[in-house]
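Below is one structure, written out as structure tokens; comments come after it.
The values are calculated or read from the model by the stated rules, or taken from the named source; none is laboratory data. Treat the numbers as computed from the prediction; the structure is a model and nothing was measured. Cβ coordinates were reconstructed from backbone atoms using ideal geometry, including for glycine residues, and neighbour counts include every protein chain displayed. Heads up: the accessible areas ignore ligands, DNA and RNA and are worked out on the full protein's heavy atoms, side chains in. Shrake-Rupley method; radii C 1.70, N 1.55, O 1.52, S 1.80 Å.
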Amino acid sequence: MLITLKELCGLNEKKILIHSLVFSPDGVSTAYLYNDIALKFFESGYEVVVLTTTPHYNILEEELSQQPLNPKFFGLYYESKFHNIRVIHIPQKNLKVRYCGW
């Protein structure tokens with residue numbers, strides 16, 4: 001069997017990063033859509049990593065209990081698992097928006 005350089009170096013692995021403002025365990029429709037997209041890629045053989053914020057729109061306690069957020073690096077970010085998919089949660093700062101009077 002002939003092994004290519006790509007296979008030897010692991011360059012043929014299918015990987016995808018999903019970056020979204022919302023993802024599970026946030027309980028909003030957009031999060032549910034991204035959940036489905038991530039699951040389909042995962043089921044198709046992709047290594048999926050999701051980069052998102054901590055839940056902030058519609059926090060559902062039952063979903064948080066099923067997908068607990070584990071603090072990392074002194075709480076600067078959190079990690080969780082969604083159906084064996086790695087999810088990295090970055091806390092969102094509360095920014096005040098200033099409007100110009102135009």
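Yes/no per residue for (1) within 16 Å of the chain's Cα centre (by Cα); (2) over 15 Å from Ile18 (Cβ atoms):
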site	(1), (2)
Glu47	yes, no
His56	yes, yes
Glu61	no, yes
Gln67	yes, yes
Asn70	yes, yes
Leu76	yes, yes
Ser80	yes, no
His83	yes, no
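Listed here are the residues, each with its yes/no results for (1) hydroxyl-bearing (Ser, Thr, Tyr); (2) open to solvent by less than 90 Å² (accessible area, probe 1.4 Å); (3) touching a Leu at 6+ places or on another chain (Cβ under 7 Å); (4) under 12 Å from His89 (Cβ atoms).
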site: Asn35; (1), (2), (3), (4): no, yes, no, no
site: Val50; (1), (2), (3), (4): no, yes, no, yes
site: His56; (1), (2), (3), (4): no, yes, no, yes
site: Gln66; (1), (2), (3), (4): no, no, no, no
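Within region 10-33, which residues are closer than 23 Å to Asn70 by Cβ, open to solvent by less than 80 Å² (accessible area, probe 1.4 Å) and not in a helix (DSSP H, G or I)? Those that are closer than 23 Å to Asn70 by Cβ, open to solvent by less than 80 Å² (accessible area, probe 1.4 Å) and not in a helix (DSSP H, G or I): Ile16, Ile18, Ser20, Val22, Phe23, Ser24, Pro25, Asp26, Gly27, Val28. The set of residues from region 78-100 being modelled with pLDDT of 85 or more, open to solvent by 70 Å² or more (accessible area, probe 1.4 Å) and either touching a His at 6+ places or on another chain (Cβ under 8 Å) or assigned to a loop (DSSP other than H, G, I, E, B) (or both) comprises His83, Asn84.
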